[in-house]
Amino acid sequence: MQTKTMEVNQHSNVKKFLEFVEIRTKITSLLPFLMSLAYLFYRRQPVNAERTLLFFGSMFLFDLTTTAINNYIDTKTNGQKLPFPRSMAKHIIYLLFGVSTVLGLTLAYRTDLVVLLLGGLCFLCGVFYTWGPVPISRLPLGEIFSGLFYGLFIPFLMLYMNMPSGTFVTLTVDWHTIQLNLNLAPAFFLLLFSAGPICATANIMLANNICDLEKDIAVRRYTLSYFLGKKALFVFAGLYYVTYLTWAASVAMKLLSPVCLAALLTFIPVHKNIRRFKKEQIKEKTFALSVQNYIIIVGSQTLVIFLSGLIT
């Protein structure tokens, strides 16, 4: 009987933890990671298992950390309760942050200064997203930061660590000079490649802010939707259209296999969801459409890249 009670309590604690870190939202870090792996497979590029596992562990745990921090701070003012006592929630945040930091520093030690600097920037922005005197979440920058840090930096770091040195960027530092060399052609491809995750991630944030506009104004949170007004819905639709234009351009420029054109078929359900969201912006009813579109777009792009690797 005692063993059964312990199992029930453990199950309850796990459920509370997953609720605290909002595990269902972690597709925004998981799918760009898988998309990058699919591209490395398509390119027949060997994957460094140690670096990749260190990166995934640090990235995923820090994603959990930022969500936990966000919930910990927001529950001070929004009237909602945490699944744990606040003292325990704080210790969970410290643990997640500590482990992700150790993994990140180990990865930087195993790679180079570029990974250290970019990883450090990601950590800083993640912490200051909801913490500090002027949190990023209270500014009209959330969509930009979330799109870049999830949609661009995850693919960049994955490809940078696993492709030949100097493919994208080289950074040399000595006592006299700091020299940064950016290879424009690979960097341009990376932007095209990452446009889907960038725009779809930004739209999850934008949809959330559109639905919460009145609540945000009440607590003096002035997000991008506050400044855009009704134009926010046109930006919402436009970002999705950009993903399809850049994807078609990537195939036309022979940066991706023609097989990848199959991902354009997802425009039909995505456009249907755009029209539904334009009709009504209700958190409980239509916000999930932005998450659905994310899965449809980035999931299909990941799948067709992987299939390209199998076929070609």
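In table form, for the structure just shown:
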item: Residue match in the range 110-128 (condition: part of a loop (DSSP other than H, G, I, E, B), open to solvent by 20 Å² or more (accessible area, probe 1.4 Å) and modelled with pLDDT under 90); result: yes
item: Top-ranked residue in the range 160-215 [being among the β-branched types (Val, Ile, Thr) and in a loop (DSSP other than H, G, I, E, B); ranked as farthest from Tyr240 (Cα to Cα)]; result: Thr177
item: Residue match in the range 243-263 (condition: in contact with an Asp or Glu (Cβ under 8 Å, 6 or more places away or on another chain) and either under 27 Å from Arg43 (Cβ atoms) or open to solvent by 80 Å² or more (accessible area, probe 1.4 Å) (or both)); result: no
item: Residue in the range 93-101 that is closer than 26 Å to Gly309 by Cα, more than 14 Å from the chain's Cα centre (by Cα) and buried (at least 19 other Cβ atoms within 10 Å of the Cβ) present; result: no
item: Search result, residues across the range 216-227 that are touching a helix residue (DSSP H, G or I) at 6+ places or on another chain (Cβ under 6 Å) and part of a helix (DSSP H, G or I); result: Leu224, Ser225
item: Test set (1) open to solvent by less than 40 Å² (accessible area, probe 1.4 Å); (2) out of contact with any Phe, Trp or Tyr (no Cβ under 6 Å at 6 or more places or on another chain); (3) in a helix (DSSP H, G or I) - Ile268 fails condition number; result: (1)
item: Boolean, Pro133 is open to solvent by 70 Å² or more (accessible area, probe 1.4 Å) and over 29 Å from Gly299 (Cβ atoms); result: yes
item: Members of the range 136-156 found to be within 17 Å of Thr52 (Cα to Cα) and either open to solvent by 20 Å² or more (accessible area, probe 1.4 Å) or aliphatic (A, V, I, L, M) (or both), listed by number; result: Tyr150, Leu152, Phe153, Ile154, Phe156
item: Search result, residues across the range 171-204 that are closer than 23 Å to Phe145 by Cβ and open to solvent by 40 Å² or more (accessible area, probe 1.4 Å); result: Leu171, Leu180, Leu182, Phe188, Leu191
item: Residue within the range 157-164 that is touching a residue at least 24 places away in the same chain (Cβ under 8 Å) and farther than 21 Å from Phe55 by Cβ present; result: no
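Matching residues to (1) touching a strand residue (DSSP E or B) at 6+ places or on another chain (Cβ under 9 Å); (2) modelled with pLDDT of 85 or more; (3) in a helix (DSSP H, G or I):
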{"position": "Gln10", "(1), (2), (3)": "no, no, yes"}
{"position": "Val14", "(1), (2), (3)": "no, yes, yes"}
{"position": "Phe41", "(1), (2), (3)": "no, yes, yes"}
{"position": "Phe55", "(1), (2), (3)": "no, yes, yes"}
{"position": "Thr77", "(1), (2), (3)": "no, no, no"}
{"position": "Ser87", "(1), (2), (3)": "no, yes, yes"}
{"position": "His91", "(1), (2), (3)": "no, yes, yes"}
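The values are calculated or read from the model by the stated rules, or taken from the named source; none is laboratory data. Since the model is a prediction, treat every value here as computed from it, not as a measurement. All Cβ positions, even for glycine, are placed from backbone atoms using ideal geometry, and neighbour counts span all protein chains on display. Keep in mind that these areas ignore ligands, DNA and RNA; they rest on the heavy atoms of the full protein, side chains included. Shrake-Rupley method; radii C 1.70, N 1.55, O 1.52, S 1.80 Å.
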